[in-house]
Each structure stands twice: as C-alpha cells, then as structure tokens.
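Asker: Before we start, here is the structure in question, set down as structure tokens.
What follows draws every value from the coordinates through simple rules; no lab data is involved. Since we're looking at a predicted model, the values are computed, not measured.
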Amino acid sequence: MKFGTIVFPGSNCDRDVAYVTQTLLHQPTRMVWHQETDISDIDVVVIPGGFSYGDYLRCGALAQFSPVMRAVVEHAKQGKFVLGICNGFQVLTETGLLPGSLVRNQDLHFICDRVSVKVERNDLPWTFAYSPGQVITLPIAHGEGRYYADTDTLKALEDDGQVLFRYCDATGESNDNGNPNGSVHNIAGICDRTGRILGMMPHPERASDPLLGGTDGIKLFQGLLAVLTSEPMPAMSLAT
C-alpha cells in the first residue's frame, strides 16, 4: 500500500508522517508537492499538520486552492482514503470534504500539550486497532482547533456515527475538564459518511515512536494497514 504525504509551503509535519509510514511501517511513501496534479499511484493521501501558506488568510483557506487538492478531491471520489491531521483537518473542511469548521481555541491561546482522547468506534479501518471507548493519549498543537458546526450538522454527525475521536478526561468522560479547546461535543476527529475520509486535530504521528514517549498513535496507521491489505476489504458504509 502506498502513502502520499502532501507538502505545502509551510507544512511542518510532513516528514513526521513519512517517518511513520516509511520507516516504522515499511510502506512505500511519496512526498507530494502541492503543485502536482497526478496522484493516481497513491492509495492513502495524508494532509499533514503545519502552517500551510503561513495561515495568512485562515487556516487551510489558501491550501484548498492548490492544484494537488483537485486531485485529492478526485482521489476521494474514487473511494480511496484521505487523512487530514491538524492543519490537514482544517484543509479538509475548507474544501468541503468534511463538514464544519475549525475556529480559534476557546481561550484564544495556542495549545501544545498531550491530551486524552476517547475512541468512539472501532469498526472502521482508522480505528480498527483500538477498542471501542478506549482512552488514548495524543499530542495537540494548534491555535485554531476548536471544532464547530451548526445544530443540524452536529446531529447528523452523531446520528451517523461520524465522530471517531472525542476529547475526554483520564477516565473517559467527555466533559469541559477534558476539552482543551472548546470543541462542540468534545469533537477531536470526524469522518465523512463513507468512513474513508478522516480529519483529526490530535497528532497520531507524534505518538508513534517509543522514543517520543508514547505509541498510541501508531495504532491508527497499523489498523488502516491491516484492513486495507486484507482480502476481501470489509464494507465501509456508516449508519444512514
């Protein structure tokens, strides 16, 4: 399975992702420059964290116009997998591949910390290696990571099981004490209705090597790899 990591001017987590997929998991990985238009050789596209285009207009707002994003949209339409991490999550909402938006943190401060995150379900490739309700620890580093959506969108996300990761306290309770940025419904990561597009603010790639003090994040990549290399591929539809 071949991974492709998008590189925008300002990306700063692209090499981190490539280290996980190529060095730790031994999978073919290609760095994809933002001006490229052909990603037909890629199975899983990763839009990494960082400050694409310096976030000069709004996080992810300029990156959505990069030539490569038209190819990413087509990649998604073909039923292939897309992962957006932190700034990548912001890009996915700007392009309309995921609903809602990411706005300034509740306290208006940049947050760099490790947080508790609850896995809501494990019947999708992204969470296959976790247990339902499992509490994991992942790093966050963002100033505009507060997830927001209108009431109807939130209801649809909850009803269809599209919330995959939720901020929580150490006991797994999703409350204000476990919500680092004020995200509605403590949302840390969502998928689209097909289950193939995932956006999340926490950084799983920064919790994948024991040398960094935690490996909860690598299970996201391991689970995806295990499912996508199995035969036959399991059904991917969410609740309707």
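Asker: Antiparallel DSSP bridges in the chain: what percent, to the nearest 5?
Answerer: Expressed as a percentage, antiparallel bridges in the chain total about 55.
Asker: From the backbone phi of segment 123-132, what are the Karplus-calculated ³J(HN,Hα) couplings (6.51 cos²θ - 1.76 cosθ + 1.60, θ = phi - 60°) in whole Hz, Gly and Pro given as x?
Answerer: Each residue of segment 123-132 in turn: 9, 10, x, 4, 10, 4, 8, 9, 9, x Hz.
Asker: Just tell me which lysines come within less than 25 Å, Cα to Cα, of K80; anything on the same chain fewer than 8 places away is out.
Answerer: Partners found: K2, K219.
Asker: Could I ask something else about it? Which ³J(HN,Hα) values in Hz, rounded to whole numbers, follow from the phi angles of segment 171-186 under the Karplus curve 6.51 cos²θ - 1.76 cosθ + 1.60, where θ = phi - 60° and Gly and Pro get x?
Answerer: In residue order, the calculated couplings are 8, x, 7, 8, 9, 4, 5, x, 10, x, 10, x, 4, 5, 6, 6 Hz.
Asker: Also, I was wondering about something else. Based solely on its DSSP helices, what 222 nm [θ] is calculated for the chain when runs of n ≥ 4 H residues each add -39,500 (n - 2.57) and the sum is averaged over all residues, nearest 500 deg cm²/dmol?
Answerer: -5500 deg cm²/dmol
Asker: For segment 33-38, just list the computed ³J(HN,Hα) in residue order, Karplus coefficients 6.51, -1.76 and 1.60, θ = phi - 60°, integers in Hz, with x standing in for Gly and Pro.
Answerer: Result, ordered by residue: 5, 4, 8, 6, 10, 10 Hz.
Asker: Continuing with this model, one more query. Could you work out the relative contact order of the chain, using alpha carbon pairs under 8 angstrom and six or more residues apart, expressed as a whole percent?
Answerer: Once divided by the residue count of the chain, the mean separation gives 19 percent.
Asker: On to the next question. Counting only residues 5 or more places away or on other chains, whose amide H sits under 5 Å from the amide H of I111 once H atoms are built in the peptide plane?
Answerer: Under 5 Å from the amide H of I111 lie the amide H atoms of H142, G143, each far enough along the sequence or on another chain.
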